[in-house]
Amino acid sequence: MGAMEILIVWENLDIMRYILKNHQSDEEVLLYLNPEQEKDKTKFLDKETGVELELIEKISLLEWLANKYKEFGATLEIVTDKSQEGSQFCKGFGGIGGILRYRVDFQSLEFEEDAGEFYDDLY
């Protein structure tokens, strides 16, 4: 069971979830890209070797979350941006957020170095 009790997602979330594979190293790469980021073909290349990564899976993040949220012990709430509250949620949180089950100390967690790159490109 994860820390997220309620997962809140905008009904028109336009982020795709990619699983890519580098055949030279057999390493799998997980990417979350919006339509603008998908246009950048360098996202589909290995940064060190320049090798093109093979597409293993491509699915809408909203669809993936709808299929998997129960595995994390969460409930899923889909919101619209047609209400004032929904519009504020989409603008403020980018269309995805949640309510935690318990307090999480994010400073003690270790993040991947490239994780910040995804968030920098969104805005």
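Please treat every number below as a calculation from the coordinates, not as lab data. What you see is a predicted model; the values in this text were computed from it and never measured.
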Subject >> Per-residue [θ]222 nm for the chain (sum of -39500 (n - 2.57) over DSSP H runs n ≥ 4, rounded to 500) >> reply: -6500 deg cm²/dmol
Original post:
Considering the chain as a Gaussian network with a 10 Å cut-off on Cα pairs, which listed residue, LEU109, LEU61, LEU30, attains the greatest mean-square fluctuation?
Top reply: LEU109
**OP:** Go through the range 12-19 residue by residue and turn each phi into a ³J(HN,Hα) via Karplus (6.51, -1.76, 1.60, θ = phi - 60°); whole Hz please, and just put x for glycine and proline.
**Re:** 10, 4, 10, 10, 9, 9, 10, 10
**OP:** Subtracting the Cα-Cα distance from 0.36 nm times the residue separation, let me have the gained length for SER83 to LYS58 in nm, one decimal.
**Re:** 5.9 nm
**OP:** For the chain, report the translational diffusion coefficient in µm²/s to the nearest whole number, using Stokes-Einstein at 10 °C, 1.306 mPa s, and a Kirkwood Rh over Cα pairs.
**Re:** 98 µm²/s
Subject >> Set of lysines with alpha-carbon distance to LYS41 below 25 Å, sequence-local pairs under 8 removed >> reply: LYS21, LYS58
